[in-house]
Each structure stands twice: as structure tokens, then as C-alpha cells.
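Laboratory data are not the source of any read-out in this text; all were calculated from the coordinates shown. Being a predicted model, the structure only gives us computed values, none of them experimental. Virtual Cβ from ideal backbone geometry, glycine too; neighbours counted across all protein chains shown.
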Amino acid sequence: FDPADDGRTGNIIDVTKKASLITIELGMCDIFYRTYRVVTEGGLLGDGLDIDFTDLDTLKKILTRAVGLLNEGYDNWVKQYPLLLERVMELNPDATIVMVGSFNMVNQMTIVDQTMFPLGSIFSIFTNKMNKQYEKWAKEYDVLYADISNTEALCTQEDWSLMGKFLDGNCSFPGSHPSIEGYDYITRQILDVLPTQEEMSAADTGNDIIFD
């Protein structure tokens with residue numbers, strides 16, 4: 001990625017310098033995509049070979065490898081995210097910055113179509129951990145944080161299972177992205193943390209604001 005290249009909104013550095021509101025979301029795809037590759041293609045576990053999900057030992061190995069990759073991704077995210085945040089603050093110290101939190105992209109994934117137990121929910125431990133870190137950074141860097149942990153993904157319990165439509169490609173990685181309602185929820189969560197005009201005016205005049 002070359003920051004000097006013009007994107008859909010222009011040069012990213014110039015846009016960052018001029019923006020009055022900046023939202024930052026980084027980490028979910030970086031962490032979860034590696035796990036997705038292990039589950040669907042064998043990835044680093046099976047060298048790209050097909051996986052037999054009916055074998056319990058194989059399933060345990062997959063989950064163990066997936067958790068290992070999530071830990072690696074989390075550790076890397078904790079190191080890299082502050083560098084991005086500090087760079088943005090350096091480029092535009094006057095902008096309102098909102099860190100957009102994380103949600104479990106595979107929360108509704110089950111083992112088979114007929115089983116409603118959401119196997120993917122166990123990965124919420126990582127998104128919860130990420131969101132707690134966001135809360136710490138919000139205080140440390142004096143920026144805003146939008147909690148989006150209840151975001152709805154495209155895939156539901158009825159159509160997303162390891163041995164069903166997930167492997168068939170009908171509900172693969174793109175299905176872990178937010179639904180229309182999910183994107184609407186994320187937007188509202190961001191708007192909810194922004195200061196009101198009254199609060200901004202009080203801050204400009206130096207008046208104290210008391211939040212109940």
C-alpha cells in the first residue's frame with residue numbers, strides 16, 4: 001500500500017490532514033481471515049488439503065490452530081494499532097477520532113446445519129479482549145470509542161455451518177461481513193459517541209461539561 005496513491009477519496013495523507021472526523025477500524029479481518037483459511041482450505045494446518053470435519057481429532061486440531069492464529073493476530077494488532085493512531089493524530093491533531101470496535105464475525109457459525117449451537121461464539125473471547133483494549137486506548141489517547149460488538153453479520157445460525165453451506169461457498173468469508181442492519185447499527189453507534197453541538201461549544205469556551 002502506497003499512501004501517496006490516490007484512492008476513491010484522494011490522497012490518503014491529504015484527506016487525513018483535512019478531515020474533521022476520522023473513524024478507524026483495523027484488526028478484525030487481519031485476525032479472523034487467517035482462521036478462515038485454516039477452516040476452509042486447510043491453510044497452514046493441512047497445506048491446502050481438504051479437511052474431514054467428521055473426524056473429531058481433526059476438528060480439535062483445526063480449532064487449536066485457529067486459536068493459535070487468533071492469538072498471533074491479536075498480539076500483532078496490539079503492537080501495530082497504536083502506531084496508526086499516533087500517525088493519524090500527528091497528521092491531524094484537531095480532528096475528532098473515533099476508534100470503531102470489533103465484533104465476532106463468525107459468532108453464528110455452527111458445526112452442522114441441523115445444530116443450532118453457535119460454535120463460532122467461542123471466538124468472542126478475542127473480540128471482547130480487543131474491545132477492552134480499545135477502551136484503554138480511548139483513555140490513554142483521549143479519543144472516542146464506538147462499541148459495535150452487537151453487529152449482525154450476513155450469515156445466520158440457520159445457514160452457516162462448518163460442514164454445510166460454509167464449505168459450499170454459499171456463506172463463506174464475505175458472509176461474515178455486516179448485514180444492511182449491521183452497517184446501520186455501526187453507523188448509529190459511531191454517531192452516538194460524537195459530542196453534541198452544545199458539548200462542543202462548551203468545550204470551546206472552556207465551560208465544564210458534566211456527564212451523568
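Overview of results
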read-out: Computed label-point distance, nm, for sites THR96 and SER121 using a 7 Å Cα→Cβ extension; value: 3.6 nm
read-out: Length released on extending from THR58 to ASP192, taking residue separation times 0.36 nm less the Cα-Cα span; value: 43.8 nm
read-out: Difference of contour (0.36 nm per residue) and Cα-Cα distance, ILE180 to ASP14; value: 56.7 nm
read-out: Length gained when the stretch GLU135-LYS79 is fully extended (0.36 nm per residue, less Cα-Cα span); value: 18.6 nm
